[in-house]
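Working notes, beginning with the structure itself.
What follows draws every value from the coordinates through simple rules; no lab data is involved. Note that the structure is a prediction, hence the values are computed from the model and not measured. Quick reminder, even Gly has a Cβ in these numbers, built from the backbone with ideal geometry, and neighbours come from all protein chains shown.
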Amino acid sequence: MPDGKTHNKINIIILFLILIGLHSPLCSKTLPLEYLSPGSIALFAFSFLVGTYYLSPDLDIKSDPFKRWGPFRYIWWPYQKLFGHRGMLHNPILGPLIIILTVGLVFVAPVVLALDLSAKEVPQEYLISLFAGIVFSIEIHIVADALSTKKKRTATKIKKKLKGTNKKK
Ligand SMILES: [Zn+2]
């Protein structure tokens, strides 16, 4: 699997490409205009970066994203014990769901309740951009892991085959 720094690089390059893509005629024709506002795009980029550095599926090991949580890192510890590396947190559907729900229940919900905030006051496009940023950052990580495993497997297969043909000679 790519290491943490490689994951960060891949995510940032893809974020850059997405941000360029959002200015393309295809996006301006297909996406509702409110999602292309500077506010929505900034929120998307922000949550994508937070996702990359703090909400990586590699929270299932003692990774850099895990350590960045400081004293709060222990909220992820049960998942390391329960799922192990590349378990549930690396599942394309359950991974983002579990990660977002955990942050939502442990950090967001208490603040929302304490300050009596309402999601209705936040424009819908901001909420969706925020979630999209996090989900994209997690999915790109999962795809990068899957692709690198596939590459490694093919490389080992080729090596084995080469060894086999060498022996025959
Ligand atoms: Zn991973």
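Points to keep in mind about this one:
- Kirkwood hydrodynamic radius computed over the range 19-114 comes to 15.2 Å, based on all pairs of distinct alpha carbons.
- Put in order of Cβ neighbour count within 10 Å, fewest first, the listed residues Ile18, Ile93 become Ile93, Ile18.
- Per-peptide packing, taken as the mean over residues of other Cβ atoms within 10 Å, places 99-106, 85-92 in the sequence 85-92, 99-106 from highest down.
- Between helix 38-54 and the chain: long-axis angle, C-alpha atoms, 0 to 90°, nearest 10: 50
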